[in-house]
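Take a look at the structure below.
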Amino acid sequence: MTRIIVVTSGKGGVGKTTSSASIATGLARLGKKTVVIDFDIGLRNLDLIMGCERRVVYDLINVLQGNIELNQALIKDKNTKNLFILPASQTRDKNSLHKTGIKNLLKKLKTMSFDFIICDSPAGIESGAIIPIYFSDEAIIVTNPEVSSIRDADRILGIISSKSQRAEKNQKPIQEHLLITRYNIERVKKGEMLSIDDINNILCIPLLGVIPEDLSVLKSSNQGKPVILNKSSEAGQAYSDATNRLIGKKCPFRFIKDKKRNFFQRFFWR
């Protein structure tokens, strides 16, 4: 059975596209046939992080308008088997999206035996963000450990519970997952960031993963490779853990506590 998962947030710049790319890649590397769709019409970035920007010929809007077949727009990832990308349009706006077209698109993808459809949603509460939420089975809410980001995430939770297709039909609610990005334990200790417990107390949804602040995220993005492919990266390892949890595997949470230091490290740290 195909699982449709939207990666969303209220605030921009929290790492939705980075997370979509890594989670989709992680699922495919676990043997799950996966497609990741860029819904950020007019501000296409997923193709850059996936390293396929030069291979984009057709896009999501071309498919919705019936100008081409879906297979013509799907890009097969060059690094990971079982992974496909459907890029957004750079020349249209979010008004080009409509529920009927997206419903038919998702129906076609299901017939292609995809295990996962990952929807990379734009930030905010406009139609471009609401439509992928509307049709989803699950939602990954991405937030940074700061007050404004968490407040906006809480707003998105309200939309998920009230404006989804499942809510309209009084079906089982969308399953919600919390993904905390750019977590820095030293800044948490200084009171510059909220702790995991603080965030959990506010949002009250199951924790999928905690991605540590890591310079390798930017480096990987600039190289056109999802950071999950960097096995030496703490962020990449944390995304791998989160992906495993998504398919039901139990993984301990790493990179959320102080690293143990030996005597000399403690001495010079002071």
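The values are calculated or read from the model by the stated rules, or taken from the named source; none is laboratory data. For clarity, every value in this text was computed on a predicted model and none was experimentally measured. Positions of Cβ are backbone-derived with ideal geometry, glycine not excepted, and every protein chain shown enters the neighbour counts. Each accessible area value is taken on the protein alone, full model and side chains, heavy atoms only, with ligands, DNA and RNA left out. Shrake-Rupley method; radii C 1.70, N 1.55, O 1.52, S 1.80 Å.
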Taking every alpha carbon pair in region 3-247 and sorting the distances into 5 angstrom bins from 0 up to the bin holding the longest one, the percent per bin comes out as 1, 7, 15, 19, 21, 17, 12, 6, 2, 1, 0
Round to a whole number: what % of the accessible area of region 3-247 belongs to carbon and sulfur, probe 1.4 Å? 45 percent
Hey, what's the chain come to in accessible area per residue, 1.4 Å probe, Å²? 50 Å²
Could you work out the relative contact order of region 3-247, using alpha carbon pairs under 8 angstrom and six or more residues apart, expressed as a whole percent? 27 percent
Run the dipole for region 1-110 about the Cα centre, Lys and Arg Cβ at +1, Asp and Glu Cβ at -1, nothing else charged, and hand back the magnitude in debye, nearest 20. 440 debye
Mean projection area, nm², convex hull over Cα of region 1-105: 6.8 nm²
Region 1-67 and region 161-215: distance between their alpha carbon centers, rounded to Å: 20 Å
Roughly speaking, what is the stretch gain from residue 207 to residue 251, that is 0.36 nm per residue apart minus the C-alpha to C-alpha distance, in nm to one decimal? 14.7 nm
Using the alpha carbon gyration tensor of region 51-126, what are the three equivalent-ellipsoid semi-axes (square root of 5 times each eigenvalue), largest first, in whole Å? 19, 16, 14
Quick one: putting +1 on the C-beta of Lys and Arg, -1 on the C-beta of Asp and Glu, what dipole do you get for region 3-247 around its Cα centre, in Debye to the nearest 20? 760 debye
Over region 1-144, relative contact order from alpha-carbon pairs under 8 Å, at least 6 apart, %: 44 percent
To test your reading of the geometry: what angle, between 0 and 90 degrees and rounded to tens, separates the Cα axis of helix 147-163 from the longest principal axis of the chain? 40 degrees
Considering only DSSP beta bridges where both residues belong to the chain, give the percentage that are antiparallel (nearest 5). 5 percent
Measure nothing but the geometry: give the 0 to 90° angle between the long axis through the Cα atoms of 99-111 and the longest principal axis through the Cα atoms of the chain, rounded to 10°. 80 degrees
Quick calc, residue 95 & residue 72: beta-carbon distance into FRET formula, R0 22 Å, rounding 0.05, result 0.40
How much of residue 58 can a 1.4 Å solvent probe reach, expressed as accessible area in Å² and rounded to 10? 80 Å²
In degrees rounded to 10, the 0-90 angle between helix 234-246 Cα long axis and the longest Cα principal axis of the chain is 60 degrees
